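Inspection log for the structure reproduced underneath, given as structure tokens.
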Amino acid sequence: NKTFPLSIHGKYRVATENTIFAMPETKIGLFPDVGGTWWIPRLKLYRDRQRKGVVGGVGNYLALTGARLKGDDLIYAGIATHFIPSERLNELKLALIDATNNSTQSLGDCVAGVLMSFHDEKVNVDLDKAFLSKNRKEIDQAFDGKQSVEDIVSTLESVKSDSQFAKTTLDTLKQMSPTSLKVTFEALIRGSKVQSIEEALDMEYRMSQAFMRKGSDFYEGIRAALVDKCGEPQWNPSSLEGVTNGFVDKFFDDLGDRELCLSGGSSKL
């Protein structure tokens, strides 16, 4: 979904049975941007919305692995707010136009009512069969509360003999840029501590400038995926162990007079 990075910050987000969502940035040597460091650490899953403080490992899992999700997973994860069959989208469009033209309510109120009248979760979505739901225990076991990407990998390695999920996830992580994995993980930790999306965007701008440096994995990821299309990037460093804490910290260095300063310049995470 190419519009997702922007639409996630909206109040209403509609999924259909055809919706496919992913954040594949670590596979091209980048990180989940456009406010990803703000919303991912705050992802509130459908079944946990009333439980204060419950976040779990799904956000880390999605950001690091770039897992592809369908509509039922998006409802489960709270990424989509409404599920509407694709065959009714044109009808929905007309209903929204009619409601906004004729309603005396505020725009948000009339939109909410229309969306709920089309929302068809009980008929078309079985949350218990969603991928995230079926694998939630293992996702949380591996990705929740860990101190490093290495801890995540170690946990997956320890159970891979008995878990197809662990095997598949390890194979996926091995394809990703080690730098992107560790910088993304650190960014999610820092992003969980910021007080506003503006602070998160200031931080992401610093990160983006570091990823644009000559020799960055981002150039290599784009080469392998879009230019040569070989699918075999040569990451540098080539292992998690080679990506030191000092190397990661440089992605968050202050830019001086090139700071974005959306938050007024007070955030130096």
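Averaging the Cα positions of each part gives two centres, and for segment 170-193 and segment 209-250 these lie 12 Å apart.
Can you tell me the relative contact order of the chain? Whole percent, Cα pairs under 8 Å, sequence separation 6 or more.
Relative contact order for the chain comes out at 24 percent.
Computed over protein heavy atoms with a 1.4 Å probe, the carbon and sulfur contribution to the accessible area of the chain reaches 50%.
With an 8 Å cut-off on Cα pairs and a minimum separation of 6 or more residues, tell me the relative contact order of segment 88-214 in percent. Show your work: numbers first, answer last.
Values: 44 pairs, mean separation 15.5, N = 127.
Result for segment 88-214 is 12 percent.
Taken per residue, the accessible surface of the chain reaches 52 Å², heavy atoms only and a 1.4 Å probe.
When the chain is treated as a GNM with alpha-carbon contacts under 10 Å, the residue of ALA22, ALA99, ALA130 showing the greatest mean-square fluctuation is ALA99. Taking every alpha-carbon pair within segment 137-235, the share separated by more than 18 Å comes to 58 percent.
The values are calculated or read from the model by the stated rules, or taken from the named source; none is laboratory data. None of the values given here were measured: they were computed from a predicted structure. Side chains included, ligands, DNA and RNA excluded: accessible areas come from the protein's heavy atoms. Shrake-Rupley method; radii C 1.70, N 1.55, O 1.52, S 1.80 Å.
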